[in-house]
Every structure is written in C-alpha cells, then in structure tokens.
1. For residue 140 and residue 42 in one chain, what is 0.36 nm times their gap in residues minus the Cα-Cα distance, to one decimal in nm?
2. Give the relative contact order (percent, whole number) for the chain; include only Cα pairs under 8 Å separated by 6+ residues.
3. Measure nothing fancy, just the Cα-based angle from helix 11-23's long axis to the longest principal axis of the chain, in degrees from 0 to 90, nearest 10.
4. Roughly how large, in nm² to one decimal, is the mean projection of the convex hull of the alpha-carbon atoms in the chain?
5. Could you compute the FRET efficiency for residue 182 and residue 27, with r as their C-beta to C-beta distance and R0 at 25 Å, rounded to 0.05?
6. Can you tell me the Rg and Dmax of the stretch 44-156, counting just the alpha carbons, in angstroms?
7. Cα extents of the stretch 91-151 along the three principal axes, largest first, in whole Å?
8. Sort out for me the Cα centre separation of the stretch 155-213 from the stretch 71-130, rounded to whole Å.
Ligand SMILES: NC(=O)c1ccc[n+]([C@@H]2O[C@H](COP(=O)([O-])OP(=O)(O)OC[C@H]3O[C@@H](n4cnc5c(N)ncnc54)[C@H](O)[C@@H]3O)[C@@H](O)[C@H]2O)c1
C-alpha cells in the first residue's frame with residue numbers, strides 16, 4: 001500500500017516513518033513536509049535512500065500541489081501529523097495555527113475525497129479536553145469528555161477534529177482521530193517541555209513553569 005505521511009520531518013511524524021518502514025518495508029511511504037522551523041530533514045536521513053520512500057517539500061495548504069501529488073502517488077492511506085504544534089507560539093501568533101491546523105486539514109481531506117475517499121487519519125491532541133485539577137488524580141479524559149480548549153493551539157486542533165468528523169458525517173470519508181497526550185523522545189524540537197527542561201538544567205538556566213512569574 002502507499003501511505004502519505006504529512007509532517008514527517010517533525011518529531012512524531014519522523015518517528016512514525018522510521019517505525020512504519022521498519023515494520024512494513026513492502027509499503028511505499030511518501031512524506032509531505034513544508035520544513036518549517038520545526039522540520040528537520042536530518043530526521044529522515046536514514047530512509048532517504050530507501051526506494052520505497054519519497055520526500056516532497058510541500059505545504060499541506062497548497063491544494064494544487066497536494067492534488068498533483070495524490071495523482072502521482074495514488075495513496076491508500078493519509079496520516080496527517082503536520083501542524084503548528086507549540087502552545088506558546090500559538091499565544092504569540094495564532095494565525096498560522098489556524099491556517100495549517102484547520103485549513104491544511106481541510107486541504108488534505110478534500111484531496112482524499114477527490115481520489116475516491118482515501119482512508120484518512122488525523123493526529124490530534126488530548127489538549128482539546130483542557131486540563132484536569134491537580135488534586136483529583138481519580139479523574140481522566142474519555143472519548144465522551146467535552147471539548148474544553150485553553151489555547152489557540154488546542155482550539156485549532158479541536159476545530160480540525162470537528163471538521164474531520166463532519167467529513168465523515170457529510171461525505172462518508174473513512175476517518176479516525178487519535179488524541180494522544182504529550183510525547184517525548186528522539187528528534188524532538190528543544191522548545192518542548194522535556195528537552196527544554198533538560199537543556200536549561202544543563203546550561204544552568206531557570207526552568208519555566210506555567211502560572212509562575
Ligand atoms: N509532541 C507532542 O507531545 C504531541 C502531543 C499530542 C499531539 N501532538 C500532535 O502530533 C502532531 C505532530 O507533533 P510534533 O510534536 O511531531 O510536531 P513538530 O512541530 O515536531 O512537527 C511538525 C512538522 O509539521 C511540519 N509542518 C508544519 N506546517 C506544515 C504545513 N503547512 N505543511 C506541511 N508540513 C508542515 C513541520 O515542518 C514539522 O516537520 C501534531 O499534529 C501535534 O498537534 C503532538
């Protein structure tokens with residue numbers, strides 16, 4: 001099968017591509033990435049020469065480019081990891097979050113529709129549920145938990161999720177959504193909590209905590 005993975009030069013998408021190619025070497029994996037500040041092609045260096053892998057520098061909002069790639073590759077599955085993903089940046093400048101996270105999601109799903117209802121997976125976040133009180137460890141999120149976003153980032157991801165569900169309901173597009181909690185590991189951009197804390201500790205710098213002065 002042929003799978004299009006967006007945002008594969010980023011942290012989770014890159015790890016996913018390595019996993020997929022290792023576990024399913026017979027599949028063709030095509031990565032679309034705009035290579036924003038968060039994308040790093042070095043992440044994909046180990047697979048660049050693999051004949052079953054192709055990298056395309058492309059913005060998921062570029063409808064013409066996306067459709068042309070769908071025409072060439074005829075994907076069976078699309079996994080959309082591409083996003084603006086940093087909460088602090090979304091507070092500084094929400095516009096690009098709405099553009100990539102919502103309009104980009106629509107662009108990818110419209111291409112899926114145009115090419116025979118290609119199976120679509122949306123990578124979302126548990127941040128769409130807001131947060132739980134620190135003194136109630138008995139509480140947890142479920143699929144029935146109401147959406148309660150706290151930042152332009154989480155609102156843009158929730159908006160995209162609603163659009164994904166609407167494409168299922170309206171057009172019958174075969175979709176799934178996953179809402180994972182925070183990840184950490186290799187290839188993570190050092191603006192995120194764990195690499196940031198480690199880097200600041202190593203450099204004897206203050207450790208930023210939300211809600212503190
Ligand atoms: N990191 C986490 O802990 C976490 C937790 C929950 C959900 N998520 C979700 O997982 C996904 C991946 O997160 P990540 O931490 O790997 O993000 P990341 O910021 O490390 O990577 C995002 C990638 O998307 C690319 N990209 C951005 N805008 C694009 C566009 N318009 N077109 C094409 N490519 C574009 C970037 O160049 C980058 O390579 C995101 O959808 C995010 O919301 C992440």
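Since every read-out is calculated from the coordinates, none of them should be taken as a lab result. None of these values were measured; they are calculated from a predicted model. Positions of Cβ are generated from backbone atoms using ideal geometry, with glycine treated the same way; all protein chains shown enter the neighbour counts.
1. Values: separation 98, 0.36 × 98 = 35.28 nm, distance 3.69 nm.
31.6 nm is the gain from fully extending residue 140 to residue 42.
2. On the way: 343 pairs, mean separation 43.6, N = 213.
That works out to 20 percent.
3. 50
4. Seen from a random direction, the Cα hull of the chain projects 13.4 nm² on average.
5. On the way: r = 28 Å, r/R0 = 1.12.
My answer for the efficiency is 0.35.
6. 17.2, 53
7. That works out to 49, 30, 14 Å along the principal axes.
8. Cα centroid of the stretch 155-213 versus Cα centroid of the stretch 71-130: 13 Å apart.
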